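> After the structure tokens below, expect a handful of questions from me.
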Amino acid sequence: MGLFLNPDNRAFQTAIDSEIYVDKTGLIEFTNKVLGTQQAFICNSRPRRFGKSITANMLAAYYSKGCESQELFAGLAIEKSTAYQKQLNKYDVIHFDVQWCCKEAGSAEKTVAFISQVLMEELREAYGEYIPEKVTKVSTALAYISDATGNRFVIIVDEWDVLIRDESTNKIAQEEYIDFLRSLFKGIEPTRYIALAFMTGILPIKKFKTQSALNNFDEYTMLDSGVLAPYIGFTESEVRVLCEKYHKDFAEVKRWYDGYQLGGYHVNNPRAVVGVMLRGTFQSYWSQTGTYESIIPLINMNFDGLKTDIVTMLAGDAVLVRTNSYQNDMVTFKNKHDVMTSLIHLGYLAYEQQEQKAYIPNEEVRSDFLCAIEEIA
């Protein structure tokens, strides 16, 4: 059991022990289904405070050899799955949060070196006899370990995109980071030593022209969440149960915090729903973690028709968005459609996939847009 290698289950235990925990362990049934297949490389992007880290912690707690999680998952949805016992705590797990690593490293430029150093130290401690002294790369060490033992790894990367978002102009750090991820995940060898790769973040994987930097990953996003839709945010049925328990007006909760349409599900902002249940007042809980100031620079790019479209959406209408040209970063904006696509991924706009239209999802987000428009005016 280490910092990144084979973590314990205490992080997920914290979520389970919280006053409000909504069971999303059904996701594990899907990850178990794709283990060791070509579909085992997954990137799930969603807005801030939409449960990314809880999901990562849940997967680590379930798969990690570094803990015993039978009791932790008792009574939860995944326990009913036929594959539940077969995969429980059976894998070498690597789990790290890039945002935390960046802070610990001291700078964006030192982040990859920090992650690599910690991982190499922990891999040598656990499997040193299988790793030649000359090996310095994590991917190479994993290949040697897998060849010698037959073990396959579950690799979970939380906040994968922090260097793409927060270091948007730091090309050197970004290129080194993307190269690190490519060495870890792309090619024939990684398919031999990886049973499952699961990355979470706000943005989808960075594009270079039209090609994803990690094109072997299946992406589940706020544009198309596919089978992961019920595990992103709180569904209507889950919110109804909470409203009954905490004596809240479901229609008012829906007006304030619902509005994201993912597949056949209406999805509510989980941070906000928990806030209104525990504190009792309808207000903007989510914006406390991602304030409206982040909208202003995007609106001020002043692409032709952008402000008009935002006013149209504030009036309750939806507008057409072409999402294909967006490069999945925070600097390469060519037109208003790229800006609005970015706002969809950030959670400030919702997206209707069939009609390819964006709209303001709820009252909480509407209040942020009104503040931004007033400040710009």
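> Scan the stretch 329-374 for residues that are open to solvent by 40 Å² or more (accessible area, probe 1.4 Å), touching a residue at least 24 places away in the same chain (Cβ under 8 Å) and part of a helix (DSSP H, G or I) and jot them down.
Those that are open to solvent by 40 Å² or more (accessible area, probe 1.4 Å), touching a residue at least 24 places away in the same chain (Cβ under 8 Å) and part of a helix (DSSP H, G or I): 336, 363, 366, 370, 371, 373.
> If you scan the stretch 165-194, which residues turn out to be in a helix (DSSP H, G or I), under 12 Å from residue 213 (Cα atoms) and out of contact with any strand residue (DSSP E or B) (no Cβ under 7 Å at 6 or more places or on another chain)?
Passing the criteria: 174, 175, 177, 178, 179, 180, 181, 182, 183.
> Only one of these is in contact with a Pro (Cβ under 6 Å, 6 or more places away or on another chain) and surrounded by 14 or more Cβ atoms within 10 Å (Cβ to Cβ): 275, 259, 263. Name it.
Result of the check over 275, 259, 263: 259.
> Can you pull out the residues in the stretch 38-82 that are in a helix (DSSP H, G or I), out of contact with any helix residue (DSSP H, G or I) (no Cβ under 6 Å at 6 or more places or on another chain) and surrounded by fewer than 20 Cβ atoms within 10 Å (Cβ to Cβ)?
Selection gives 53, 79, 80.
> Can you name the residue in the stretch 84-111 that is open to solvent by 30 Å² or more (accessible area, probe 1.4 Å) and in contact with an Asp or Glu (Cβ under 7 Å, 6 or more places away or on another chain) and, of all such residues, is farthest from residue 171 (Cα to Cα)?
97
> Here's something else I'd like to know. Here are some conditions: (1) within 23 Å of residue 342 (Cβ to Cβ); (2) of a type in the set (Gly, Ala, Ser); (3) at pLDDT below 95. Residue 280 meets all but one. Which one does it not meet?
Condition (1) is where residue 280 drops out.
> Oh, and also: Which of (1) β-branched (Val, Ile, Thr); (2) surrounded by fewer than 15 Cβ atoms within 10 Å (Cβ to Cβ); (3) touching a residue at least 60 places away in the same chain (Cβ under 8 Å) does residue 202 not meet, given it meets every other one?
Result: residue 202 passes all but (2).
> If the Cβ limit is 6 Å and pairs must be 6+ apart or interchain, which residue in the stretch 45-73 that is β-branched (Val, Ile, Thr) pairs with which residue that is open to solvent by 10 Å² or more (accessible area, probe 1.4 Å)?
If the second residue must be open to solvent by 10 Å² or more (accessible area, probe 1.4 Å), the pairs left are 54/15.
> Among the residues of the stretch 160-169, is there at least one that is on the phi > 0 side of the Ramachandran plot and open to solvent by less than 20 Å² (accessible area, probe 1.4 Å)?
For the stretch 160-169, residues on the phi > 0 side of the Ramachandran plot and open to solvent by less than 20 Å² (accessible area, probe 1.4 Å): absent.
The values are calculated or read from the model by the stated rules, or taken from the named source; none is laboratory data. Since the model is a prediction, treat every value here as computed from it, not as a measurement. Here the Cβ is made from the backbone with ideal geometry for all residues, glycine too, and neighbour counts use every protein chain on show. We work out accessible area using only protein heavy atoms, side chains counted, and drop any ligands, DNA or RNA first. Shrake-Rupley method; radii C 1.70, N 1.55, O 1.52, S 1.80 Å.
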